[in-house]
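Right, I'll just put the structure down here and ask away after.
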Amino acid sequence: MSHYYDENPTAKSDKKVITYRSNGTNFEFVTDTNVFSRNEIDYGSDFLLNCMIEDLKQDKRLTSGKEFLDLGCGYGPVGIVMKSVFKGLVVTQTDVNERAVNLAKVNANNNRIPIHDLKQGSVMEHFREDEMFDIVATNPPVRAGKAIVFAFYEQAYKHMNEGGMIYVVLQRKQGAPSTEKKLQELFGNCETMGVSSGYRVMKSIKKSDNE
């Protein structure tokens, strides 16, 4: 049996189109079997987007050209919506699931959203060492296990510029407290941006060595 976090899903393709509205804009996304949340945008991703958009609209440092990473992008909604709202962002998306990555490309084109780069591979092991980001967003694949979830944070940290921010959404019952502890260990800080229906959005900032 294949899962949404498998590299090459084997379930028979059965594509469908779902609709989603965010920040006053309507989007359509093509989904398929063996991709995460194929029937609708999941509550966690919706909550993550709402918290990020509200936070970044108030951030005067958010200038054009900031590098944004949609880590574990699935069929692409987070990166596509963020690029729609913050047009100056340079958006990269990545996922291990080949089917999801192909859908993310289709969805960016269908919604007329220019994505800078789209990669397929495990976590960030396929990124060059010099690929660095200012903002990382992730709704990590908890069903893949804690080791993979923590690898998301560890590898993101290595590819973040000083002052860079990571936003993570998780349910408490799926490990939000352990994620908070891990982010605190890596970044030296972790702020809860919002709590809703058991979900928590957390934010950490990569400080310079002398801070």
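The values are calculated or read from the model by the stated rules, or taken from the named source; none is laboratory data. Being a predicted model, the structure only gives us computed values, none of them experimental. Neighbour counts run over all protein chains shown; Cβ positions are idealised from the backbone, glycine included. Please note that ligands, DNA and RNA were not included when accessible areas were found on the heavy atoms of the full protein model with its side chains. Shrake-Rupley method; radii C 1.70, N 1.55, O 1.52, S 1.80 Å.
I'm checking my understanding of the structure. Among residues of the stretch 18-35 that are without any contact (Cβ under 8 Å) to a residue 40 or more places away in the chain and part of a strand (DSSP E or B), which one is least open to solvent (accessible area, probe 1.4 Å)?
Within the stretch 18-35, the match that is least open to solvent (accessible area, probe 1.4 Å) is Ile18.
Is the stretch 163-179 home to any residue that is loosely packed, with under 13 Cβ neighbours inside 10 Å and either assigned to a strand (DSSP E or B) or touching an Asp or Glu at 6+ places or on another chain (Cβ under 8 Å) (or both)?
Yes, some residue in the stretch 163-179 is loosely packed, with under 13 Cβ neighbours inside 10 Å and either assigned to a strand (DSSP E or B) or touching an Asp or Glu at 6+ places or on another chain (Cβ under 8 Å) (or both).
Go through (1) touching a Phe, Trp or Tyr at 6+ places or on another chain (Cβ under 9 Å); (2) crowded, with 22+ Cβ neighbours inside 10 Å; (3) in a loop (DSSP other than H, G, I, E, B) for Leu62 and report which single condition fails.
Of (1) touching a Phe, Trp or Tyr at 6+ places or on another chain (Cβ under 9 Å); (2) crowded, with 22+ Cβ neighbours inside 10 Å; (3) in a loop (DSSP other than H, G, I, E, B), only one is false for Leu62: (2).
Looking at the stretch 43-57, is at least one residue modelled with pLDDT of 95 or more, in a loop (DSSP other than H, G, I, E, B) and either touching a Gly at 6+ places or on another chain (Cβ under 9 Å) or open to solvent by 80 Å² or more (accessible area, probe 1.4 Å) (or both)?
no
Val195 versus (1) open to solvent by less than 40 Å² (accessible area, probe 1.4 Å); (2) assigned to a strand (DSSP E or B): which is the lone unmet condition?
Unmet for Val195, out of (1) open to solvent by less than 40 Å² (accessible area, probe 1.4 Å); (2) assigned to a strand (DSSP E or B): (1).
Hey, another quick one. Against the conditions (1) open to solvent by 20 Å² or more (accessible area, probe 1.4 Å); (2) under 15 Å from the mean Cα position of the chain (by Cα); (3) among the charged types (D, E, K, R), where does Arg112 fall short? Just the number, please.
Failed condition: (2).
Another question about this same structure. Within the stretch 127-152, take every residue that is in contact with a helix residue (DSSP H, G or I) (Cβ under 7 Å, 6 or more places away or on another chain) and in a strand (DSSP E or B) and give me the one that is surrounded by the fewest Cβ atoms within 10 Å (Cβ to Cβ).
Selected residue: Thr138.
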